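To keep things clear, I will list the structure first and then write my remarks on it.
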Amino acid sequence: MTTTMPMLESYPAEINLDRGKLAATIDALIACAEACTSCADACLSEDSVAELTKCIRTDLDCADICGATARVLSRHTGYDANVSRALLEACAVACKACGDECEGHATMHEHCRICAEACRACEAACRDLLATIS
């Protein structure tokens with residue numbers, strides 16, 4: 001169980017976003033950041049590590065962007081839709097790039113398959129929430 005929705009429900013002021021979609025996106029961001037970090041670490045342990053340099057780089061970039069986006073979306077006081085929109089757009093791009101890269105290694109490395117799935121889910125969640133921001 002995550003604490004995302006209970007924390008959003010306990011926020012004492014209005015939130016200008018659908019709390020359910022916001023919680024789902026934050027959860028997807030956190031899951032993706034964890035998957036990407038774990039995938040990068042697993043890639044470093046593979047015998048073919050030299051061939052996984054781009055994968056490691058995209059994993060780490062995606063993890064950092066997802067983590068930052070999750071933290072910003074978890075703050076609501078003084079909310080700035082422009083900042084949230086820019087982060088969600090950047091995150092969707094990073095998730096697509098990482099998902100594409102990991103998918104290319106998915107038949108050889110299970111961690112890449114799992115990471116690609118997390119990236120695809122996170123990209124979809126980011127785009128879904130983006131569609132609701134005016």
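The values are calculated or read from the model by the stated rules, or taken from the named source; none is laboratory data. Being a predicted model, the structure only gives us computed values, none of them experimental. Neighbour counts are summed over all protein chains in view; Cβ atoms, including those assigned to glycine, are modelled from backbone coordinates with ideal geometry. Protein only, heavy atoms only, side chains kept; ligands, DNA and RNA dropped before computing areas. Shrake-Rupley method; radii C 1.70, N 1.55, O 1.52, S 1.80 Å.
Here are a few things to note about the model shown:
- Tally, over segment 29-63, of residues that are of a type in the set (Asp, Glu) and within 21 Å of Glu89 (Cα to Cα): 3
- Number of the condition not met by Thr58 [criteria: (1) of a type in the set (Ser, Thr, Tyr); (2) open to solvent by 50 Å² or more (accessible area, probe 1.4 Å); (3) under 17 Å from Glu117 (Cα atoms)]: (2)
- Some residue of segment 56-69 being part of a helix (DSSP H, G or I) and at pLDDT below 95: no
- Set side by side, the residues Ser134, Ser84 differ, and just one is under 26 Å from Arg19 (Cα atoms) and part of a loop (DSSP other than H, G, I, E, B), which is Ser134.
- Among residues of segment 40-63 being free of Cβ contacts under 8 Å to residues at least 12 places away in the same chain and of a type outside the set (S, T, N, Q), the one that is farthest from Cys126 (Cα to Cα) is Asp47.
- Taken over segment 68-84, the residue count meeting the criterion of being open to solvent by 60 Å² or more (accessible area, probe 1.4 Å) and either among the aromatic types (Phe, Trp, Tyr) or within 15 Å of Ala131 (Cβ to Cβ) (or both) is 1.
- Contacts under 8 angstrom Cβ, first residue in segment 1-29 being aliphatic (A, V, I, L, M), partner open to solvent by 50 Å² or more (accessible area, probe 1.4 Å) and not in a helix (DSSP H, G or I), 6 or more apart: Met7/Ser74; Ala13/Thr77; Ile15/Tyr79; Leu17/Thr132; Ala23/Thr2; Ile26/Ser74
- Scanning segment 94-123 for residues that are closer than 17 Å to Ile65 by Cα and exposed (fewer than 15 other Cβ atoms within 10 Å of the Cβ) gives a single hit, Asp100.
- Asp47 meets the conditions (1) within 9 Å of the chain's Cα centre (by Cα); (2) open to solvent by 70 Å² or more (accessible area, probe 1.4 Å); (3) farther than 27 Å from Ser134 by Cβ in every case but one. The failed one is (1).
- Filter result (among the charged types (D, E, K, R) and either farther than 15 Å from Val72 by Cα or touching a Cys at 6+ places or on another chain (Cβ under 9 Å) (or both)) within segment 2-20: Glu9, Glu14, Asp18
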